[in-house]
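Structure first, then comments.
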Amino acid sequence: KRDVVAAQKNVLNLEVKYPPMSAEPPDPKGAAGAPASAPRLASLDQFRGYTVLGKLPGNLSGSQRQERPTAHALRDATRAPTLIPSDTLNRNEFLSRSDGVRDMAGPALPMDDRDGVIWYNGNLVPWREAKAHVLIHSLHYGNSVFEGERIYNGKVFKLREHSERLHKSANMLAYELPYSVEELDRATELVVKENKLDSGYVRPLAWRGAEVIGVSAIGTKVHVMIAAFPWGAYYGQKAIKLVTSRWKRPSPESSPAGSKAAGLYIICTLAKDEALAAGVQDALMHDYKGRLSEATGANLFLAINGELHTPTTETILNGITRQTVMELARKRGIKVVEREIWPDELAKASEVFLTGTAVEVQPVSAIDKQEFEVGPITQQMIADYSALVRS
């Protein structure tokens, strides 16, 4: 403890320089006619001095976080911070290397207070001006639908499949998107280009508007936005630990499991937060029958006797990464079995991993008290998937 305090005092003696205020509004290419933003702080690539790669206190507002990130990080550090000359980091590198971007649970900057542009109902608008009313129907009733997409080498992996699934999700919730799959593809490519992202994450979202407040959504207008931003690994660990959640995936008669609908993630958030509070990285959910289902945002695979076993899609989203990994495994001659899997069968598994756009292929080292190795099948799937998305 004395060493940590001494290190903090030494660091605090460094000169801390803050960015100048910039009165220049963002000038997003292609966003002609977009309203100018208010004066703002210079973007992160304009910082001089040293950048502290450490966690910021969670109770700061967006403006406080952006105004004095270095001082707050030093003042509240619980471990020796990493100091890197700011001139050596561009904005995306800063975000990719900060703790908040390595771990999705705590973003380095609040999502509503960043530079860049967002595609909003057919137009590019400055990031901070992409807003919706507090009385929109989807905010109250959870019927928005979304996607999660990864950018590799400046391109979105399996973009068409994601755009098609966004349409399918909306259709399962009884509404149509006002933009075609092709239009969504082009909009996504534009957003990635305008935000100058070589790697990162894309979040498309569709929702019902504020025309009505009752439970029925008839008469609401459908809106669509697409945001793209730097985002590193979902977990900060090579292999993660899971705890079995008390929350269960519902029957397909109770929820549209094939839709990536916001409302279906309520129990995922509860399960994830409870897992983090328990000191592990995520939760394993069972379904309404007590069968193994999935993690809070990723599909589940078990390696049993040289084969890959994965739960059926009765109560889960048939992930695009899930389908991709199954294809890769079959190409390697690995048998893939989709079936009902019960909790006691975890004892038969030598390896366990998760798949998803955000998590990619993620090894699991333990579920409750059961431990697993990061074995040859998992390692092969990680290598094959990594090579595919960057090819």
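Details
- Built amide H within the under 5 Å cut-off of Thr244, gap 5+: Leu284, Asp368
- Only alpha carbons enter this Debye calculation for the range 169-223, each as an equal point scatterer, and the log10 of I(q)/I(0) it gives at q = 0.19, 0.21, 0.22, 0.24 Å⁻¹ is -0.77, -0.85, -0.89, -0.97.
- Debye intensity ratio in log₁₀ form over the Cα atoms of the range 205-351, taken at each q of 0.09 Å⁻¹: -0.36
- Accessible area of Ile367 (1.4 Å probe, protein heavy atoms only, ligands and nucleic acids ignored): about 0 Å².
- Heavy-atom SASA rank of Val224, Val156 (probe 1.4 Å, accessible area, largest first): Val156, Val224
- Rounded accessible area of Arg249 (nearest 10 Å², 1.4 Å probe): 10 Å²
- Summarising the amide proton neighbourhood of Gly154: residues at separation of 5 or more, or on other chains, whose placed amide H is nearer than 5 Å comprise Ser199.
- A full extension of the chain between Asn121 and Val215 corresponds to an added length of 31.4 nm, given 0.36 nm per residue minus the alpha carbon distance.
- The fraction of accessible area contributed by carbon and sulfur in the range 181-223 is 57 percent, rounded to a whole number (1.4 Å probe; ligands and nucleic acids excluded).
- Accessible area, probe 1.4 Å, largest first, for residues Asp198, Asp282: Asp198, Asp282
- Remark: the range 359-374, residue by residue, has Karplus-estimated 3J(HN,Hα) of 7, 6, 10, 10, x, 10, 8, 7, 10, 6, 9, 8, 9, 9, 8, 8 Hz, where x stands for each Gly or Pro and the curve is 6.51 cos²θ - 1.76 cosθ + 1.60 at θ = phi - 60°.
- Taking GluC sites (Glu not before Pro) across the range 156-226, the ones in a DSSP loop with at most 11 further Cβ atoms lying within 10 angstrom of their Cβ are Glu176.
- Residues whose placed amide H lies under 5 Å from that of Arg249, excluding near-sequence neighbours: His286, Asp287, Tyr288
- 3J(HN,Hα) along the range 221-228, derived from phi through the Karplus expression 6.51 cos²θ - 1.76 cosθ + 1.60 where θ = phi - 60°, amounts to 8, 9, 10, 9, 9, 9, 10, 9 Hz, with x in place of Gly and Pro.
- Members of Lys248/Lys369; Lys158/Lys260; Lys158/Lys221 lying beyond 24 Å, as alpha-carbon distances in this model show: Lys158/Lys221
- Compared with the alpha-carbon gap, the fully stretched path from Ala347 to Lys289 is longer by 18.9 nm at 0.36 nm per residue.
The values are calculated or read from the model by the stated rules, or taken from the named source; none is laboratory data. Predicted model only: the values in this text are computed from it and were never measured. Glycine gets a Cβ as well: all are built from the backbone with ideal geometry, and neighbour counts include every protein chain shown. For accessibility, only protein heavy atoms count, side chains too; no ligands or nucleic acids. Shrake-Rupley method; radii C 1.70, N 1.55, O 1.52, S 1.80 Å.
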